[in-house]
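Notes for the one structure printed next.
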Amino acid sequence: MSGVARSARQWRAASAGNGVLFLLIALLIALTLGMAQLEPLFRALFPDLGNPLYARDSFLNLMLAHIGLVLVSSLISVTIGIAAGLFVTRPVGREFEPMVSSLAAIGQTFPPAAVLAIAVPLAGFGFAPTIIALSLYGLLPVIQNTIAGLGTVPQTTLEAARGNGMSRWQILRRVELPLAMRVIIAGIRVSVIINIGTATIGSTVGAKSLGTPLIAGLVGNNLAYVIQGALLVGLLAIVTDLLFERLERRYSFGGQA
Amino acid sequence: MALPERRRWFGNRVLATLLIAAVASAVLLPFASLSPNRLVSGQPVMLWQALAGWQLATFALIGLLLLIAALAGPLPRRLALWLSLGATLPLLALDFQALGAYAHGALANASPAARVSQGATFWILLFVSALIAIDALQRLRLGPAGRALYGVAALAVIGVCFSGELLSPVSIMREFANQRDNFIDQLVRHLLLVGGALLPALLVGLPLGLLANRRARLRNGLFSVLNVFQTLPSIAVFGLLIAPLSALGRAVPWLGELGVSGIGVAPAIIALVLYSLLPIVRNTYAGLAGVSTGALEAARGMGMTTRQILWRVEIPLALPVILSGLRIVTVQAIGLVVVAALIGAGGFGAFIFQGLGQYAIDLVLLGAIPTIVLAVIADFALQILVSLSRPSGTR
């Protein structure tokens, strides 16, 4: 009886969550496409400003540039991160596991903004240092969670799979990765959310992103620009986080969510 | 199924890999760069061009010792590990010494505007020594005391390198000399901002964590609200706080006189507190939830009151987890203060963004490197605090 009650409650909570997510996505799209329509509002809020609407670039372009930065760097981090995590959990690379784990842990204490700044002498200004900094930084949570996720697979499960005559490759694909997937996705989620934030600061090293109007507003003392950039990037982060939460839940097994 | 027995050349393949990386970088990448002034990028200088004979010989000797330590045959395992751990200290010292000595030599007959900067190989050698040390410390299974001792020794070596005139001609150190007073100011400001945010965050977060532990119904809502702040990009939160705070500062004059305004310290501290709450609340909750019912029942059986149980049983047992939360938050705050420089709060971020604006790379590094060092030291110190707070017997 309690099972039925709980599943009904969960279903209600999930559908309420769906509503919120849908609303936020709609708001994100509407603001990205229709920020210009809000010009009278910003004019009323900031009567002292000559240009209360950022117009050097369209918000759609900035949004796409921002998503592009995060997408490219996240693809790099996920590919390398999962490969590295797999390497150090196989017999060939097990010796490297403690080193890679502590590297991932220590690297995450580095402030993302400082990593971005250090990429500049290596790669100059613009798109390249931002991609380098985002990919390197995003790598760490992915590696960490890949190792942790594969570590949670019980030894008995692996033995059962071996006993069934599965090859190593089959065990990895059909047993280990599916069981570890939720933790790996949690790592990707952390990595993507940090990268959305760091890409915003990327505009200080010359990469176009939603940070461009934000920083331009801070430098030029134009609060309207700041709010326009901050609203969009904040919404983008929240929507992305909620989407990942959904994805994580899909990979939870045994009702433990 | 038995794997075919293969002869292993290397007893420590991690060390071998690090050695190969170091040698490859020394051959392929510049050790330093020489430029006519601080804003132009310089000519690359390779390791063998920069070094005197005895320095190269010492590098080769350290490399040879490390190679012997990595090989499977010659040395007993623990001796090899102690050797590689010990070799990192002279490697570190030589890396700094070589850069300083090269800078002294190269700038002796150059124009006063000329600059020597560290190159990729310098950084990689530094990085490789750190990784060799980490690997050796892990394999030797040294406890917190041994690790702390090594950390102090490494810091002492670095301190000696920086104490004299050795590194003063290197470009970033000249930038430091120009900014010395300002540097100390920004360091103090950085630390004050971190401290000023952590104190209120702890004062609010610890009771909230207790509340989350006692009232299950509040928990989910509280965690999801706090999670939203962790999700938002820091610069967006700083930016969104400007308008309401400047309005508040104008509307309530005594607040304005206290320094509450749209830019500067007030929005920085508020944003940092909001970011810090989730880890503190979550870890306080998790720490308290992890206290075993056995311990609680024993305490109740001894006739302790609820208050006594909280202070004498629950909090001491939860302390390691709570302090881990403090560790996360401290490191995070040190990084976020960098971004707060964009809203005029100061700190090391001021150097970074000023340097980026002027394309003065050394100024950027003068902000970025101390921030990283600060974060790593804070992390290391709090890690030791966490392990000391564990009840004895479970360390």
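Scanning the stretch B:55-93 for residues that are buried (at least 21 other Cβ atoms within 10 Å of the Cβ) and more than 18 Å from residue B:135 (Cβ to Cβ) gives a single hit, B:59.
Let me confirm something: among A:128, A:105, which residue is surrounded by fewer than 22 Cβ atoms within 10 Å (Cβ to Cβ) and more than 10 Å from every other protein chain (Cβ to nearest Cβ)?
Working: A:105 fails: more than 10 Å from every other protein chain (Cβ to nearest Cβ).
A:128 is the lone residue from the list that is surrounded by fewer than 22 Cβ atoms within 10 Å (Cβ to Cβ) and more than 10 Å from every other protein chain (Cβ to nearest Cβ).
Highlighted here are the helices (runs of 4 or more DSSP H) found entirely within the stretch B:1-115 that include at least 1 residues which are within 14 Å of chain A (Cβ to nearest Cβ): B:13-28, B:53-70, B:77-108. Evaluated against (1) facing chain B (nearest Cβ under 9 Å); (2) surrounded by 15 or more Cβ atoms within 10 Å (Cβ to Cβ); (3) modelled with pLDDT under 90, residue A:251 falls short on exactly one condition, (1).
Summed over the stretch B:349-368, the residues that are among the hydrophobic types (A, V, I, L, M, F, W, C) and at the interface with another protein chain (Cβ under 8 Å from one of its Cβ atoms) give a count of 7.
Residues considered: B:182, B:227. Of these, the only one that is modelled with pLDDT of 90 or more and of a type in the set (S, T, N, Q) is B:182. If you go through the stretch B:102-122 and keep only what is surrounded by fewer than 17 Cβ atoms within 10 Å (Cβ to Cβ) and closer than 17 Å to residue B:46 by Cα, you end up with B:104, B:105. Just one of the listed residues (A:138, A:187) is in contact (Cβ under 8 Å) with a residue 40 or more places away in the chain, small (Gly, Ala, Ser), in contact with a Gly (Cβ under 8 Å, 6 or more places away or on another chain) and within 30 Å of residue B:356 (Cα to Cα), and it is A:138. Of everything in the stretch A:131-147 that is within 14 Å of chain B (Cβ to nearest Cβ) and more than 16 Å from residue A:69 (Cα to Cα), the residue that is nearest to the chain's Cα centre (by Cα) is A:141.
Being within 25 Å of residue B:245 (Cβ to Cβ), at the interface with chain A (Cβ under 10 Å from one of its Cβ atoms), aromatic (Phe, Trp, Tyr) and assigned to a helix (DSSP H, G or I): is that true of residue B:380 here?
On the way: within 25 Å of residue B:245 (Cβ to Cβ): no; at the interface with chain A (Cβ under 10 Å from one of its Cβ atoms): yes; aromatic (Phe, Trp, Tyr): yes; assigned to a helix (DSSP H, G or I): yes.
No; evaluated as a whole, the condition is false for this residue.
Note on the stretch A:59-101: among residues that are out of contact with any Leu (no Cβ under 9 Å at 6 or more places or on another chain) and of a type in the set (Gly, Ala, Ser), the one that is farthest from residue A:128 (Cα to Cα) is A:101.
Listed here are the residues, each with its yes/no results for (1) of a type in the set (A, V, I, L, M); (2) outside any helix (DSSP H, G or I); (3) under 21 Å from residue A:28 (Cα atoms).
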| residue | (1), (2), (3) |
| --- | --- |
| A:195 | no, no, yes |
| A:218 | yes, no, no |
| A:226 | yes, no, yes |
| A:236 | yes, no, yes |
| A:244 | no, no, yes |
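Search the stretch B:118-170 for residues being in contact with a Phe, Trp or Tyr (Cβ under 6 Å, 6 or more places away or on another chain) and either among the polar types (S, T, N, Q) or more than 14 Å from chain A (Cβ to nearest Cβ) (or both), and hand back the single one that is farthest from residue B:388 (Cα to Cα). Restricting to residues being in contact with a Phe, Trp or Tyr (Cβ under 6 Å, 6 or more places away or on another chain) and either among the polar types (S, T, N, Q) or more than 14 Å from chain A (Cβ to nearest Cβ) (or both), the top hit is B:121.
If only one of B:346, B:294 is small (Gly, Ala, Ser), surrounded by 19 or more Cβ atoms within 10 Å (Cβ to Cβ) and in the same structural domain as residue B:377 (by TED's automatic domain parsing), which one is it?
Details: B:294 fails: surrounded by 19 or more Cβ atoms within 10 Å (Cβ to Cβ).
After applying the criteria, what remains is B:346.
Here are A:17, A:68: which of them is surrounded by 12 or more Cβ atoms within 10 Å (Cβ to Cβ), outside any loop (DSSP other than H, G, I, E, B) and either of a type in the set (Phe, Trp, Tyr) or modelled with pLDDT under 85 (or both)?
On the way: A:68 fails: either of a type in the set (Phe, Trp, Tyr) or modelled with pLDDT under 85 (or both).
Answer to the check: A:17.
Checked against the criteria, residue A:202 counts as crowded, with 22+ Cβ neighbours inside 10 Å, closer than 30 Å to residue B:356 by Cα, in contact (Cβ under 8 Å) with a residue 40 or more places away in the chain and within 13 Å of chain B (Cβ to nearest Cβ).
Here residue A:44 clears all of (1) crowded, with 17+ Cβ neighbours inside 10 Å; (2) part of a helix (DSSP H, G or I) except the condition numbered (1).
Output the number of residues of the stretch A:222-246 satisfying the condition of being polar (S, T, N, Q), more than 9 Å from every other protein chain (Cβ to nearest Cβ) and surrounded by fewer than 24 Cβ atoms within 10 Å (Cβ to Cβ). Explain how you work it out, then say what you get.
First, the residues of the stretch A:222-246 that are polar (S, T, N, Q): A:222, A:228, A:240.
Add one more test, that the residue is more than 9 Å from every other protein chain (Cβ to nearest Cβ), and what stays is A:222, A:228.
Add one more test, that the residue is surrounded by fewer than 24 Cβ atoms within 10 Å (Cβ to Cβ), and what stays is A:222.
Adding up the residues that qualify gives 1.
Can you spot a residue in the stretch B:35-50 that is touching a residue at least 12 places away in the same chain (Cβ under 8 Å), within 30 Å of residue B:8 (Cβ to Cβ) and in the same structural domain as residue B:138 (by TED's automatic domain parsing)? No, the stretch B:35-50 has no match at all. Examine the stretch A:94-115 for a residue that is more than 18 Å from the chain's Cα centre (by Cα) and either of a type in the set (Phe, Trp, Tyr) or not in a helix (DSSP H, G or I) (or both), and state whether such a residue exists. The answer is yes; a qualifying residue exists. In summary, residue A:208 fulfils each of the numbered conditions (1) more than 14 Å from residue A:66 (Cβ to Cβ); (2) assigned to a loop (DSSP other than H, G, I, E, B); (3) touching a Phe, Trp or Tyr at 6+ places or on another chain (Cβ under 9 Å) with the single exception of condition (1).
Of all residue pairs spaced 6 or more apart or on separate chains, those with beta-carbon atoms under 9 Å, a first member in the stretch B:227-251 that is more than 9 Å from chain A (Cβ to nearest Cβ) and a second member that is among the hydroxyl-bearing types (Ser, Thr, Tyr) and in a helix (DSSP H, G or I) are B:229/B:275. In the stretch B:158-193, which residues are in a helix (DSSP H, G or I), more than 18 Å from the chain's Cα centre (by Cα) and surrounded by fewer than 16 Cβ atoms within 10 Å (Cβ to Cβ)? Answer for the stretch B:158-193, where residues must be in a helix (DSSP H, G or I), more than 18 Å from the chain's Cα centre (by Cα) and surrounded by fewer than 16 Cβ atoms within 10 Å (Cβ to Cβ): B:160, B:162, B:163, B:177, B:178, B:180, B:181, B:182, B:184, B:185.
The criterion of at least 2 residues that are at pLDDT 90 or above is met, among helices (runs of 4 or more DSSP H) falling completely within the stretch B:245-327, by B:265-289, B:293-301. Return a yes/no flag: does the stretch A:160-171 have any residue that is surrounded by fewer than 21 Cβ atoms within 10 Å (Cβ to Cβ), within 30 Å of residue B:354 (Cα to Cα) and not charged (D, E, K, R). No, that holds for no residue.
Can you spot a residue in the stretch B:340-348 that is facing chain A (nearest Cβ under 7 Å), touching a residue at least 24 places away in the same chain (Cβ under 8 Å), over 15 Å from residue A:121 (Cα atoms) and in contact with a helix residue (DSSP H, G or I) (Cβ under 9 Å, 6 or more places away or on another chain)?
Filtering the stretch B:340-348 down to residues facing chain A (nearest Cβ under 7 Å) leaves B:342-343.
Imposing the further condition that a residue be touching a residue at least 24 places away in the same chain (Cβ under 8 Å) reduces the set to B:342-343.
Remaining after also requiring over 15 Å from residue A:121 (Cα atoms): B:342-343.
Checking which are in contact with a helix residue (DSSP H, G or I) (Cβ under 9 Å, 6 or more places away or on another chain) leaves us with B:342-343.
Yes, some residue in the stretch B:340-348 is facing chain A (nearest Cβ under 7 Å), touching a residue at least 24 places away in the same chain (Cβ under 8 Å), over 15 Å from residue A:121 (Cα atoms) and in contact with a helix residue (DSSP H, G or I) (Cβ under 9 Å, 6 or more places away or on another chain).
Scan the stretch B:194-210 and tell me whether some residue there is of a type outside the set (A, V, I, L, M) and within 30 Å of residue A:213 (Cβ to Cβ). Yes, the stretch B:194-210 contains a residue that is of a type outside the set (A, V, I, L, M) and within 30 Å of residue A:213 (Cβ to Cβ).
The values are calculated or read from the model by the stated rules, or taken from the named source; none is laboratory data. Since we're looking at a predicted model, the values are computed, not measured. So basically every Cβ, Gly included, is an ideal-geometry build from the backbone, and we count neighbours across all protein chains shown.
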